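K.L.:
Okay, handing you the structure first.
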């Protein structure tokens, strides 16, 4: 098995884990940093060169470029795809996943339960929000964002108006969601690879009064049982976006599950520690196996 790990996250613990595990297992793995690559665009036969050297085709590219990656990096993915190199996940699906509104539309179209959400533009009226969403409090999210950035909890109508006025002076649209109070400060992350849910962890905020549970922000992870309902929901969510690997973030309330987000570049380090097994041993072979499907 020869694969490229294509990611801008050079110092990421997950990147280091994947590279270390690959070396230990004897897998051929090359780390490709998108911003360091040069390549030719031509109307004739595609030039199989990358940064001036002949391209040794990998079996596949394991893409770790989520919402935090530079948009310029996606041109490289399109170049690789045009050469017939499998990219998992593919560039088109990654671009969809960056847009929280579009992702939620696909989830709702597929019948996946999501928190009730409004896409709010610059001509918004507070009455429209109040009439359609239970609250306060409400959750505000940037339409494009990662690792908990641009996510806030507002606990009054005046705070809602202040936050929206500020955000909409810079951004064209934002999302406002109902707050799932049963899970304040926690959620469940399910890792899905090749259409199958592998494991799950509960993420809890590591800070007082912090309702975001991202491990990147200091949250803590612990293993939880992956029951059939949770596994099926996560698999349906990943399929709705069209991802081969995904971290599906789930909230539970009053006996029901809600998918709040689908991440196309889930970290492996934190969830490996939470569930007590090295998922970098499992993910690359499972991605490789999808090529024969």
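Bear in mind these aren't lab numbers, they're just calculated from the coordinates by the rules spelled out. No experiment lies behind these values; they were computed from the predicted model shown. Cβ atoms come from the backbone with ideal geometry, glycine included; neighbour counts cover every protein chain shown.
K.L.:
Rounded to the nearest 0.05, what FRET efficiency do residue 149 and residue 291 give with R0 = 51 Å and r taken as the Cβ-Cβ distance? Could you check?
P.N.:
Details: r = 34 Å, r/R0 = 0.66.
After rounding, the FRET efficiency stands at 0.90.
K.L.:
Calculate, in nm to one decimal, what residue 229 and residue 109 gain on full extension: separation in residues at 0.36 nm each, minus their alpha carbon distance.
P.N.:
On the way: separation 120, 0.36 × 120 = 43.20 nm, distance 1.90 nm.
Length gained between residue 229 and residue 109: 41.3 nm.
K.L.:
What translational diffusion coefficient, to the nearest whole µm²/s, does the range 52-194 have by Stokes-Einstein, given a Kirkwood radius computed over alpha-carbon pairs, a temperature of 37 °C and 0.692 mPa s viscosity? Walk me through the intermediate numbers first.
P.N.:
Details: Rh = 17.5 Å.
Estimated diffusion coefficient is 188 µm²/s.
K.L.:
Turning to a different aspect of this structure: For residue 102 and residue 51, FRET efficiency with R0 = 41 Å and r from the beta-carbon atoms, rounded to 0.05? Intermediate values should be presented prior to the final figure.
P.N.:
Details: r = 33 Å, r/R0 = 0.80.
The calculated FRET efficiency here is 0.80.
K.L.:
Mind checking the full-extension length gain between residue 130 and residue 78? Use 0.36 nm per residue of separation minus the Cα-Cα distance, one decimal, nm. Don't skip to the answer; put the middle values down first.
P.N.:
On the way: separation 52, 0.36 × 52 = 18.72 nm, distance 4.23 nm.
Contour length minus Cα-Cα distance gives 14.5 nm.
K.L.:
Moving on. In degrees, nearest 10, range 0 to 90: what is the angle between the Cα axis of helix 157-168 and the longest Cα principal axis of the chain?
P.N.:
Compared with the principal axis, the helix lies near 30 degrees.
K.L.:
Give, in nm to one decimal, the length gained when the segment between residue 13 and residue 70 is fully stretched (0.36 nm per residue of separation minus the Cα-Cα distance). If you can, show how the numbers build up before the last one.
P.N.:
Details: separation 57, 0.36 × 57 = 20.52 nm, distance 1.93 nm.
So the chain would gain 18.6 nm between residue 13 and residue 70.
K.L.:
Find the all-direction average of the projected area of the Cα convex hull for the chain, expressing the result in square nanometres with one decimal place.
P.N.:
Values: hull surface 66.8 nm².
So the Cα hull casts an average projection of 16.7 nm².
K.L.:
Once both axes come from the Cα atoms, what is the angle between helix 100-109 and the longest principal axis of the chain, in degrees from 0 to 90, rounded to 10?
P.N.:
The two axes meet at around 80 degrees.
K.L.:
Out of all DSSP beta bridges with both ends in the range 2-93, state the antiparallel percent to the nearest 5.
P.N.:
On the way: 2 of 14 bridges.
For the range 2-93, the DSSP antiparallel bridge percentage is about 15.
K.L.:
To continue, here is another question. Just need the relative contact order of the range 2-93 here, percent rounded to a whole number, with Cα pairs under 8 Å and 6+ apart. Can you show the working numbers first?
P.N.:
Details: 112 pairs, mean separation 29.6, N = 92.
Answer for the range 2-93 is 32 percent.
K.L.:
To test your reading of the geometry: what angle, between 0 and 90 degrees and rounded to tens, separates the Cα axis of helix 73-82 from the longest principal axis of the chain?
P.N.:
Orientation of helix 73-82: about 50 degrees from the principal axis.
K.L.:
Right, here's the next one. Need one number: nm distance between label points at residue 95 and residue 181, each 7 Å from Cα along Cα→Cβ, rounded to one decimal.
P.N.:
Label-label distance for residue 95 and residue 181, simple model: 4.2 nm.
K.L.:
Quick check: Cα centre of the range 214-293 to Cα centre of the range 22-98, how many Å?
P.N.:
23 Å
K.L.:
Out of all DSSP beta bridges in the chain, what portion is antiparallel? Express it as a percent rounded to 5. Mind dumping the intermediate values first?
P.N.:
On the way: 41 of 53 bridges.
Percentage antiparallel, nearest 5: 75.
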